[in-house]
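Data block below; observations after.
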């Protein structure tokens, strides 16, 4: 995008400065900028977590007045209804949009069909976590360097927390009841904690806690892992020319358990406007955002890179009608996963929060990270399950009280 921006806007006499930062630096810098009312950036590159929490804090511009001013032709050109509903909804508060999705993802199971064939195993199209565990154990063969299943183990709310929270949801767990009482110490949560540990200790990679998605991708692409649960956006690297399992990967729905559907995660990288910018810059920012999230932009990226690897996935339904995407082995399952997402109903019982792999409250970044640190300690036997659950329960209970969420 940084390259296309210059050629697109130079002709119009508009200067667009793009800052490219590592993810952790991006989050820290933008949070500081937004919370202090800075004006270094006119557009924030954010996700649903920020969109939900920042909109409540007044740190993002409401986009509805800008859409209302579009001409009929411009509105038809942009085709807002083509945005994948779950992605657009995740960036809205009370039905009003505070961001536009540039790139999106859900999560699903990826598996090595060759290893499965060697063992005479079949992967269900909609597996349970129990089935995934049993299959991973059958594939696992350390003597041959084969790992049954790889999954993020490195702590962090956006690292191991992403797959783990969806696992909690699948087991019917929740983090709060409708009165904001913490519900970590429940049978459903305990079952999810135990399953996560069983998979990684009995059938996972050796150095569990060092694995981010990068290490998981490398292991899977090497042909030495049987199953991988992660983002739908991980699929293209597994089908790349340098992948040893290109053309040998199967894709099925995210595992379920007590909860039978909506067990994947939903994330996107999106653009929102800094409310502290000048009116002129806000207008220019909105125009830029329309272009960068348009069908025209998608088509241009495909024209420049026919492989589709440079095309933003999972933001528009029409993207999956393009020939390059339609023939991709992961396209149909990606779209099926995306179309069924509802981030307002993450688990079996009602909850007072939204979010599938996170809770859309400002405190979750810290609370979720602490949870994954206790999870990591439990996985490597530094602490017991009882201790990990107790500490996490205390963290979430404190958040409910200190954040004034809990009814008195």
- [ ] Determine which single condition residue 28 fails, assuming it passes every other condition in (1) at pLDDT 90 or above; (2) under 27 Å from the mean Cα position of the chain (by Cα).
- [x] (1)
- [ ] Take residue 206 and decide whether it is in contact with a strand residue (DSSP E or B) (Cβ under 9 Å, 6 or more places away or on another chain) and more than 28 Å from residue 340 (Cα to Cα).
- [x] yes
- [ ] Give the number of residues within the stretch 355-385 that are farther than 22 Å from residue 268 by Cα, free of Cβ contacts under 8 Å to residues at least 60 places away in the same chain and assigned to a loop (DSSP other than H, G, I, E, B).
- [x] 4
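Considering only helices (runs of 4 or more DSSP H) fully contained in the stretch 82-199, which possess at least 2 residues that are under 15 Å from the mean Cα position of the chain (by Cα) and crowded, with 23+ Cβ neighbours inside 10 Å? Step through it out loud before you land on a result.
Details: elements: 85-89, 113-119, 129-139, 161-170.
Here the list reads 85-89, 161-170.
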Open item on the list: For the stretch 235-254, which positions are assigned to a strand (DSSP E or B) and either free of Cβ contacts under 8 Å to residues at least 40 places away in the same chain or under 21 Å from residue 145 (Cα atoms) (or both)?
Closed with: 249, 250
TODO: Identify, from the list 331, 326, the residue that is under 20 Å from residue 253 (Cβ atoms) and in contact with a helix residue (DSSP H, G or I) (Cβ under 6 Å, 6 or more places away or on another chain).
DONE: 331
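Residue-by-condition table, conditions (1) modelled with pLDDT of 95 or more; (2) more than 18 Å from the chain's Cα centre (by Cα); (3) more than 25 Å from residue 261 (Cβ to Cβ):
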position	(1), (2), (3)
340	no, no, no
344	no, no, no
348	yes, yes, no
377	yes, yes, yes
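Kindly indicate whether residue 388 is touching a helix residue (DSSP H, G or I) at 6+ places or on another chain (Cβ under 9 Å), buried (at least 18 other Cβ atoms within 10 Å of the Cβ) and in a loop (DSSP other than H, G, I, E, B).
Numbers: touching a helix residue (DSSP H, G or I) at 6+ places or on another chain (Cβ under 9 Å): yes; buried (at least 18 other Cβ atoms within 10 Å of the Cβ): yes; in a loop (DSSP other than H, G, I, E, B): no.
No, not satisfied.
Looking at 379, 324, 298, which is the one that is out of contact with any strand residue (DSSP E or B) (no Cβ under 9 Å at 6 or more places or on another chain) and assigned by TED's automatic domain parsing to the domain that holds residue 91?
324
Could you tell me whether the stretch 332-354 includes any residue that is part of a loop (DSSP other than H, G, I, E, B) and within 23 Å of residue 211 (Cβ to Cβ)?
Applying the first criterion (part of a loop (DSSP other than H, G, I, E, B)) to the stretch 332-354 yields 340-354.
Right, trim to within 23 Å of residue 211 (Cβ to Cβ) and you get none.
No - not one qualifying residue is present in the stretch 332-354.
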Task: Count of residues meeting criterion [under 29 Å from residue 340 (Cα atoms) and under 24 Å from the mean Cα position of the chain (by Cα)] in the stretch 58-78 - done: 4
Open item on the list: Within the stretch 301-329, take every residue that is without any contact (Cβ under 8 Å) to a residue 40 or more places away in the chain and outside any helix (DSSP H, G or I) and give me the one that is surrounded by the fewest Cβ atoms within 10 Å (Cβ to Cβ).
Closed with: 327
TODO: Report yes if residue 47 is exposed (fewer than 12 other Cβ atoms within 10 Å of the Cβ) and either in the same structural domain as residue 299 (by TED's automatic domain parsing) or modelled with pLDDT of 95 or more (or both), otherwise no.
DONE: no
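Results for (1) farther than 28 Å from residue 365 by Cα; (2) in the same structural domain as residue 57 (by TED's automatic domain parsing), shown as yes or no for each residue.
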{"residue": "90", "(1), (2)": "no, yes"}
{"residue": "94", "(1), (2)": "no, yes"}
{"residue": "116", "(1), (2)": "yes, no"}
{"residue": "121", "(1), (2)": "yes, no"}
{"residue": "156", "(1), (2)": "no, no"}
{"residue": "160", "(1), (2)": "no, no"}
{"residue": "163", "(1), (2)": "no, no"}
Open item on the list: Please go through (1) more than 28 Å from residue 308 (Cβ to Cβ); (2) free of Cβ contacts under 8 Å to residues at least 60 places away in the same chain; (3) surrounded by 15 or more Cβ atoms within 10 Å (Cβ to Cβ) for residue 68 and return the number of the only condition it doesn't satisfy.
Closed with: (3)
- [ ] Select from the stretch 204-234 the residues that are surrounded by 19 or more Cβ atoms within 10 Å (Cβ to Cβ) and either part of a strand (DSSP E or B) or free of Cβ contacts under 8 Å to residues at least 12 places away in the same chain (or both) and list them in ascending order.
- [x] 225, 226, 227, 228, 229, 230, 231
Open item on the list: Filter the stretch 261-293 down to the residues that are touching a helix residue (DSSP H, G or I) at 6+ places or on another chain (Cβ under 9 Å), over 20 Å from residue 37 (Cβ atoms) and assigned to a loop (DSSP other than H, G, I, E, B) and list them by number.
Closed with: 262, 263, 264, 265, 266, 293
Task: Given (1) without any contact (Cβ under 8 Å) to a residue 40 or more places away in the chain; (2) under 18 Å from residue 292 (Cα atoms); (3) in a loop (DSSP other than H, G, I, E, B), number of the condition residue 40 does not satisfy - done: (2)
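The values are calculated or read from the model by the stated rules, or taken from the named source; none is laboratory data. Predicted model only: the values in this text are computed from it and were never measured. Methodologically, a virtual Cβ is constructed for each residue, glycine included, from the backbone with ideal geometry; neighbour enumeration extends over all protein chains shown.
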